[in-house]
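The values are calculated or read from the model by the stated rules, or taken from the named source; none is laboratory data. Note that the coordinates shown come from a computational prediction; the quantities given were computed from them, not determined experimentally. All Cβ positions, even for glycine, are placed from backbone atoms using ideal geometry, and neighbour counts span all protein chains on display. Protein only, heavy atoms only, side chains kept; ligands, DNA and RNA dropped before computing areas. Shrake-Rupley method; radii C 1.70, N 1.55, O 1.52, S 1.80 Å.
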Amino acid sequence: MKAMILAAGKGTRVRPLTYDLPKPMIPLLGKPVMAYLVEHLKKHGITEIMVNVSWLHEKIEEYFGEGEQFGVQIGYSFEGYMTDDGTVVPEPIGSAGGMKKIQEFGGFFDDTTIVLCGDALIDLDLKAALLEHRRKGAMASVITKEVPWDKVSAYGVVVTDEEGRIKQFQEKPSQEEALSNYISTGIYIFEPEVIDLIPAGVPFDIGSELFPLLAERGLPFYAQTRPFNWLDIGTMSDYWEVLQTVLTGEVNHMDVPGIQIEPGIWTGLNTSIDWSGGTKIEGPVYIGSGVRVEAGAHIVGPTWIGHGSHICEGAEVVRSVLFEYTRVLHDVTLHEMIVFKEYSVDRAGEMKHASEYGSDEWLNARDRRRSSRKEIASQKSNNLEKANA
C-alpha cells in the first residue's frame, strides 16, 4: 500500500497563519500537522509517500526532506512554473489533477493508495479500513463522518444505499440542498484504475469532479463510517478548537511536550516564571522554552504559549494560543485569542491586524523596547514639547 498527501492548497481560510506557512505546516503541540500524518502512516507500515506541493512548497520540503528521520520515503510533485525572470509561481492543478501528474511522470500509483488531506489530525485504523475496502471489492472508498446538519455546507456530502455504495456526491451543498449529513473526511482509498479516469493536462478536483464521475458511472465506489478522531483545520476557529481539544488530553497518543512542573502546567527548557505578586496559572497550560512570565500575570488554560514569548506584569491570557516570540504587554487581556506575529484571530475567526487596536496589545518579544511603540512615540512627543517650551 502507498500513500498520497494532498498539500498544494493555499489555505485561505486559515489566514493569517498561511501568509507564512503552507497549511500542512500549521503546528499542533509544536509539530506540523503533516508530521502526525507521516508518523501515522509509518505506524501502519506505509512507507512510500508522495506529496503534491505548491504554495510555500519549500517549507514542507525543507522540514520533511526525503523522509529519513521518519523512517519513510517521501517524494514531491511541485505544481506551478517559473517565469522568465526566475520567479517561481505556484499554480495548483486540483487534487485529482495533481495525482494524474504524478502518475504520468513516474507511474507511482501502481498499488492500492491511501489519500490524505495534509491539514487534518487523525487516528484512523488504516488496516481495518483497507480490509473493508478489499472485502467490498471497491475501486474507491471514502471515509465518512456524521456532522450536524448546519455544518454540511462546509464539506463534501456522501449519499449511499443500504450497502454503503455511493449513489451521489455533493460538493459543499447548502443545508437545504444536502441529501445527507454524512460527509467526506478527505481520507480516500484508491485502486490504480481510479487514476486512469482522471483527464490529463487539465485541473481536476477529487470532490467536485472525480467523485461525481465515479457515482454517475456506477463504479464500485463505497463509503465507510468508522469510529476515529478526525480533527479538521478548515478555518481559524477550527484551529482554535482543535488546540483546545488536544491540550485537554481528549486525543489519544498526543502528549503535551516539556516537563510538568505543577498539575496541568508544562514548561519547555529554561523558562522563567515569577510566582510573586499573585501570579496565577490554571492548567492545562504549556509554556514554551525561553518564555518569561512576570509577577502578577494570570494564565488560564487551555493555553499554549510559544517559545521565546514574554507575558508582562498584570497581563491576562485566557484560553489562547500565542505563537513564538509574542510579548503581551502589561495589564493587557487576551481572551480566547490566537496571536500570530502582527495578527490576532478571535474564537469566531475574525482577524485583526495589530494596528487596528486602540493601543498596543502585544509586540515581538525580540524587540528590546520594554514599552509599546505608541508609548515611546508619546514620550518622544512630550520630550519635544518640553524642549520647545
Alpha carbon centroid spacing (whole Å) that separates the range 313-336 from the range 134-181:
41 Å
How much solvent-accessible surface does Ile259 expose, in Å² to the nearest 10, with a 1.4 Å probe and all protein chains in place?
110 Å²
Round to the nearest 10 and report in Å² the accessible area of Lys31, as given by a 1.4 Å probe over the protein chains' heavy atoms.
50 Å²
With the full set of protein chains in place, find how many percent of the accessible area of the chain is carbon and sulfur; take the probe as 1.4 Å.
47 percent
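Antiparallel as a % of all DSSP beta bridges within the chain, to the nearest 5? It would help to have the intermediate numbers written out before the result.
Values: 38 of 84 bridges.
Expressed as a percentage, antiparallel bridges in the chain total about 45.
Ranked from the most accessible area to the least, with a 1.4 Å probe and all protein chains present, what is the order of Lys172, Lys23?
Working: Lys172 105, Lys23 30 Å².
Reading off the accessible areas and sorting them downward yields Lys172, Lys23.
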Within the range 13-44, list the residues whose amide N lies under 18 Å from a label point set 7 Å along Cα→Cβ of Glu171.
13
Inter-label distance, nm, simple model (7 Å from Cα along the C-beta direction), Ala200/Asp125
4.1 nm
Compute the length gained on full extension between Asp111 and Lys59: take 0.36 nm times their separation in residues and subtract their Cα-Cα distance, giving the result in nm to one decimal.
15.8 nm
Rounded accessible area of Thr47 (nearest 10 Å², 1.4 Å probe):
50 Å²
Tell me the label-point distance for the pair Glu104, Glu350, using the 7 Å Cα-to-Cβ offset, in nm and rounded to one decimal.
4.7 nm
Solvent exposure ordering (accessible area, 1.4 Å, most first) of Met82, Met34:
Met82, Met34
How much accessible area per residue does the chain have, counting only protein heavy atoms and a probe of 1.4 Å, in square angstrom?
46 Å²
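Restricting attention to the range 264-309, which chymotrypsin sites (Phe, Trp or Tyr not before Pro) occupy a DSSP loop and are surrounded by at most 14 other Cβ atoms within 10 Å?
On the way: sites: Trp266, Trp275, Tyr286, Trp304; in loops: Trp275.
Here the sparse-neighbourhood loop sites are Trp275.
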Under a plain spin-label model, where a point goes 7 Å from the Cα along Cα-to-Cβ, how far apart in nm are Ser153 and Glu216?
2.6 nm
